[in-house]
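Computed from the coordinates by the stated procedures, all read-outs in this text should not be read as laboratory data. All values reported here derive from a predicted model rather than from experimental measurement. All Cβ positions, even for glycine, are placed from backbone atoms using ideal geometry, and neighbour counts span all protein chains on display.
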Protein chains: 4
Amino acid sequence: MIAIVKGSASEEQLGHFVQWIENRGLKTDVSRGEDETIVGIIGDTTQIDPFLLESMDIIERVQRVTEPFKKANRKFHPEDTVIDCGYGVKVGGGNFQVMAGPCSVEGRNLIEIARAVKAAGATMLRGGAYKPRTSPYAYQGMGEKGLDLLMEASAELSMPVVTEVMDPRDVQTFLDHGVHVMQIGARNAQNFTLLKEVGKTQVPVLLKRGMSETIDELLMGAEYIMSEGNPNVMLCERGIRTFETRTRNTFDVNAIPVLHHLTHLPVIADPSHSTGYTRYVRPAAYAAVAAGADGLEVEVHDNPSQAWSDGAQALTPEQFDDAMRRIALIREAVCADLPEEE
Amino acid sequence: MIAIVKGSASEEQLGHFVQWIENRGLKTDVSRGEDETIVGIIGDTTQIDPFLLESMDIIERVQRVTEPFKKANRKFHPEDTVIDCGYGVKVGGGNFQVMAGPCSVEGRNLIEIARAVKAAGATMLRGGAYKPRTSPYAYQGMGEKGLDLLMEASAELSMPVVTEVMDPRDVQTFLDHGVHVMQIGARNAQNFTLLKEVGKTQVPVLLKRGMSETIDELLMGAEYIMSEGNPNVMLCERGIRTFETRTRNTFDVNAIPVLHHLTHLPVIADPSHSTGYTRYVRPAAYAAVAAGADGLEVEVHDNPSQAWSDGAQALTPEQFDDAMRRIALIREAVCADLPEEE
Amino acid sequence: MIAIVKGSASEEQLGHFVQWIENRGLKTDVSRGEDETIVGIIGDTTQIDPFLLESMDIIERVQRVTEPFKKANRKFHPEDTVIDCGYGVKVGGGNFQVMAGPCSVEGRNLIEIARAVKAAGATMLRGGAYKPRTSPYAYQGMGEKGLDLLMEASAELSMPVVTEVMDPRDVQTFLDHGVHVMQIGARNAQNFTLLKEVGKTQVPVLLKRGMSETIDELLMGAEYIMSEGNPNVMLCERGIRTFETRTRNTFDVNAIPVLHHLTHLPVIADPSHSTGYTRYVRPAAYAAVAAGADGLEVEVHDNPSQAWSDGAQALTPEQFDDAMRRIALIREAVCADLPEEE
Amino acid sequence: MIAIVKGSASEEQLGHFVQWIENRGLKTDVSRGEDETIVGIIGDTTQIDPFLLESMDIIERVQRVTEPFKKANRKFHPEDTVIDCGYGVKVGGGNFQVMAGPCSVEGRNLIEIARAVKAAGATMLRGGAYKPRTSPYAYQGMGEKGLDLLMEASAELSMPVVTEVMDPRDVQTFLDHGVHVMQIGARNAQNFTLLKEVGKTQVPVLLKRGMSETIDELLMGAEYIMSEGNPNVMLCERGIRTFETRTRNTFDVNAIPVLHHLTHLPVIADPSHSTGYTRYVRPAAYAAVAAGADGLEVEVHDNPSQAWSDGAQALTPEQFDDAMRRIALIREAVCADLPEEE
């Protein structure tokens, strides 16, 4: 961390500042310039709040040198992390997977949808048993009964299950049911209580980006999980909130290569929530794959206008099948070694 | 709710749509125009997802007529809600209160800070025992020991205590300690599990707006608490996330009169988090009071540069004292009946 | 346009409102409900400000039914517009083109860059002679001398030129030089004076989206140009401003299919400004193509670290060549008719 | 400017980088650390693009030390600028003024409105003769005839006039009419052509913040005007674009104290555009004054529902009169020396 001290600071003030830093067990490297003085702060600066330093009278600006995330940082772990989600399904490090299924588990039609998405090439089954809904009066999900249905479909089709956990008291239930991937939703992206709880398990976690979370904050969320002992974290871009209202969220496709640059964790994209309208889901899915995503999470429903939640953004099995074929071609276009040109 | 049906829709398509709506127990009122047809949807439309309707081929646009929040809605409850926080301290309906104290409870200096803020006119004591921190490596608060210190200071000075709860499993502990107001932080603004849990008590709740939460979503958060049976909700504007980086957050001062227009619940402002820098806290506090806030939550610390968290935005007791005197004058300017002009 | 009138409005108030609307030459269709009354407003409502109606005491909400853009609206012009940019280069309606070249024209190295991008498959030459720079102290472009160099390269390579015009007084100069496509930059996206001026010509215009412009506003910008008589407008998504700081802008890839849905005009994407860093330009370009863009505008420089402006986001000719080959494959994946499955 | 060089950079790479900087006439100060090396860049760094440096492989991060604005910077000009707007009306340095009048000049009712706002205490007359409208089909203003009406009212009431200029070719007309303050609207905040043109005069300029302009960019806009020779710039916060839709814009009240900290130029607030609805204009105006604004620009109309543009946010003369009386009291509360406490 670097603190830029104003030229107007006296020697005594500078001395106090250096002392204050060193009292926290950190070292300093002071470099005096004509107009300002630069103080390098060396050691574990994750405990120092840059806003606090900037609020001091003699400080002009503060700049972090090292990112505050460590376990998630590619600098300290250059190799891609590959996560084993069960049934031999791996994500990351060149392994691309598509998680598909209904927004909410609604009943026995789940198995039909699961068969359809598997036939089209999906390798993981998604579906919500516990649903975060903006309104307390909206459908809140089937709960444990939904988990039962998911696990039944999973066993029949040998597909790992991805499903959302909202309450730290439910984590044990998810473990008991053998859920393969626990999803943390956008609204809980900074629910540190919940992050720590799933961090105490070894079950893979799909961590969605919060609606107004920066990429760095998303990585700090992963760090919460990893610092409790669970290294199996997948990150998911699902659209951020902006001023644009023609789509439900703004899909930050840039986040895919940025995350690949900053972290070794797999990066998934959710084109359904990133757009909010069926008609835009496929272009967004193609964009995500073209930008290098390690996987997709897509809502598919056999009868979207009857779906209990988010039917607005579900693909039909036919649309999904078409999309999967194009996705395979796009991945090839992006990943393939090109022949030498003459 | 109103659905605008495209002029290109056939009679049959329109009929299917109307049937679909009526199958959900709602009534319709169809008004055919030259270029489009308007379908009024009458009944409890909170269960209908407008995005789903908009995704249907024949639908042009959908517009909610009634807000989806009911218990928090001023239309159905025109009188201001007044909340009794203990020790005779009331908030709302013309009762203005200032909650002040350190960001985190750090030890026995709490009582000194509490005395100082009380002397300056604060009527409620704020302080965090459980702290949501972006980094898992940052200080996470004193926990239950912090609650003990808060309640001790509260008893000595007869000031109700406001303190944040982050884990639904801690709510009972807060009740056991007799905490007067449970705060829900911005990062948990849509942690519906936690909202429901505090909704099962009768303890007043200070609900902070999420970083990218719309005003309507904030009201739906209040609705979650109220629908569980707890009517004692205070809303808190604490700055939203925008592109501007010269302040930590952008203080949405407009939200104060907008909330007063939409809801009967008291509206508090937090000028400390809304700005992030001590030097801007007082102007923001004055702005909040001028805009009609029912109270302020302000960070005060006897030695901000030693504070364990958020010292960057704490006022000293001297600064706070100056601020409180001006705040009283501003309230008078805004609320007073002006004499007749000649 | 639909106005929802509060249930509390009296017959007299409603009558006044209807009168007020009809005085403006519009018709009304009043539909009384139990809780509210819906007034359909029929006729040319582009002259009515919905904010004004919403500010009236008896009005609950207002909803536009028809978009305020007409000439740019796909509803009234379902066929894709194809724009002829010169040298037989067409954009839109299935014609995909890549515009490449340096951010600024810097001198005679322009011809080398132009040759390189043409060899890699670019069909149009971009380069700035007049540069909008945040700082008045930064390099402002070569001006007319830059136009000369662009036209010289254009003639030699038979590539149409795309270059930015900032001053309405320069439009004639651009015409005199025979510039093929006049670009309107993001900062001038709502400079209506300039939009009208280029609208008086027949030269194709590449209209960039403003940093915080909604998609509807972008279309209204096109409408300004088209309403003056110039139908040759191409729209360009170049990233919007959000809270995220890891990229210079947030590339709103969703805007591509949304624009295709709303308008018949060609949609170009600029992956250079949408990211701001060379290392993210290619993934963003692939995403744009996968999402259905009709073209790309890409910065290429033979020596990016020597470039006078925006070298940070320029590709080298080698990087560009690799990108062009993958782009061709992605287009195929997205556009091709897939074989029947058995 | 400080560049943080990665620990992985070789001596040779570092040497090249230092050479590259010094070739641009700047000096460097290299400070080697264990994990990274800090290169201080000394001299006129306004010509260096920090994004370009960050795009270099060996560079970790770049931090500006000195703000890129100079003439507008309080560091180099600590005293408040006071601007003489004519008729003895001064703005800044403790001089507070209210500019009021209709959004658009509509005809001879202007003089009535002007009399009313003057009677209530306004000292400057605002009104638009040239109107930037989102739609080309909306009313575009009276043009030169509007200027005539403004100057006539101005002369009769001895009030300086504030009115918007949109076209650089109109600046001479504004000078010929004797307009006292030329306003640059939000949509032209980065129309550098127009900024330079008004910079060539000595007429005071009211520069509105762009909808998504950062505070630093607003100051760079002022710098454009000042660098051409016109030091008479007033800045105006008028609301920024965010995700919130309950108001037309989000009033960034924090910008007022931030601007006072960074610049010596006067800071005006526009509560009409910052909210967009009459019912919120007064609270926003009070907030602006409480936060320390040097003036307000407020829309007042004798018959808002008949206004040709933006009637939605106009106050009636009665509302304005009430507001002015409270504003005077708020200014006193904020500015007054408080008596010593015993």
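Observations
- Student exercise, chain C dipole from Lys, Arg, Asp, Glu Cβ charges, in Debye to nearest 20: 840
- Taking a point 7 Å from the Cα of C:Asp322 along the Cα-to-Cβ direction, none of the residues of segment D:1-21 has its backbone N closer than 18 Å to it.
- Set of lysines with alpha-carbon distance to C:Lys131 below 19 Å, sequence-local pairs under 8 removed: C:Lys145, C:Lys208, D:Lys196
- The angle separating the long axis of helix B:144-157 from the principal Cα axis of greatest extent in chain B is about 70 degrees.
- Computed E for D:Ala336/C:Arg24 - FRET, C-beta separation, R0 56 angstrom, nearest 0.05: 0.70
- Sorted peptide list for A:294-300, A:119-125, criterion being average Cβ within 10 angstrom, highest first: A:294-300, A:119-125
- Label points for D:Ser31 are taken 7 Å from Cα along Cα→Cβ. From this copy to the others they lie 0.6, 7.0, 7.0 nm apart, shortest first.
- Label distances, nm, C:Gln306 versus same residue in remaining copies, Cβ-directed 7 Å point: 5.9, 6.8, 6.9
- About the centre of its Cα atoms, segment B:47-133 shows a dipole size close to 520 debye [charges on the beta carbon of Lys, Arg (+1) and Asp, Glu (-1) only; nearest 20 debye].
- Shortest-first nm distances, D:Ile42 label point to equivalent points in other copies (7 Å, Cα→Cβ): 2.1, 7.8, 8.0
- Residue (of D:Gly311, D:Leu207, D:Gly88) at the positive-pole extreme of segment D:74-335, dipole from beta-carbon charges: D:Gly311
- Placing +1 on each Lys and Arg Cβ and -1 on each Asp and Glu Cβ, with no other charges, gives the protein assembly as shown a dipole about its Cα centre of roughly 20 debye.
- For residues of C:51-59, the mean tally of beta carbons on other chains within 10 Å: 5
- Segment B:176-241 has equivalent-ellipsoid semi-axes of 19, 12, 9 Å, by the square roots of 5 times the alpha carbon gyration tensor eigenvalues, sorted largest first.
- Share of pairwise Cα-Cα distances greater than 36 Å in segment C:74-335 is 4 percent (whole percent).
- Computed E for D:Gln202/C:Ser158 - FRET, C-beta separation, R0 56 angstrom, nearest 0.05: 0.65
- Across segment C:190-286, C-alpha contacts under 8 Å between residues 6 or more apart give a mean separation that, scaled by the residue count, equals a relative contact order of 24 percent.
- 0 to 90° range, to nearest 10: angle between helix A:11-22 axis and chain A longest Cα axis: 40
- Convex hull volume per residue in cubic angstrom - Cα atoms of segment A:45-130: 180
- Calculated over segment B:2-63: convex hull of Cα atoms, volume per residue (Å³): 70
- Exercise: per-residue mean of other protein chain Cβ atoms within 10 Å, A:276-284: 6
- Antiparallel beta bridges, as assigned by DSSP with both residues in chain D, represent about 45 percent of the total such bridges.
- P(r) tail fraction, the protein assembly as shown - alpha-carbon pairs more than 61 Å apart, %: 9
- Counting only alpha carbon atoms, the long axis of helix C:215-227 and the longest principal axis of chain C meet at about 80°.
- Using a cutoff of 8 angstrom between alpha carbon atoms and counting only pairs six or more residues apart, the relative contact order for segment A:2-63 works out to 47 percent.
- Scoring A:257-270, B:175-188, B:50-63, B:70-83 by mean Cβ neighbours within 10 Å over their residues and listing the highest first yields A:257-270, B:175-188, B:50-63, B:70-83.
- Within segment B:191-228: backbone nitrogen closer than 12 Å to the A:Lys145 label point (7 Å, Cα to C-beta): none
- Peptides ranked, highest mean first, by Cβ atoms within 10 Å: ranges A:150-156, C:246-252: C:246-252, A:150-156
- Rg over Rh for segment C:224-342 works out to 1.03, both radii taken from alpha-carbon positions and Rh defined as the Kirkwood radius.
- Dipole of chain C [Lys/Arg +1, Asp/Glu -1 at C-beta], most positive-end residue of C:Asn254, C:Ser135, C:Ala120: C:Ser135
- Candidates A:Ser227, A:His273, A:Val334 compared by Cα position along the dipole of segment A:209-342: farthest toward the positive end lies A:His273, with charges placed on Cβ.
- Taking every C-alpha pair closer than 8 Å and separated by at least 6 residues, the mean separation divided by the residue count of chain A gives a relative contact order of 15 percent.
- Across peptide C:135-142, the average count of Cβ atoms from other chains found within 10 Å of a residue's Cβ is 6.
- Förster-model FRET efficiency, 35 Å R0, A:Asp302 and A:Gln172, C-beta, rounded to 0.05: 0.60
- Helical content alone sets the calculated 222 nm signal of the protein assembly as shown at -10000 deg cm²/dmol, taking -39,500 (n - 2.57) per DSSP H segment of four or more residues and averaging over every residue.
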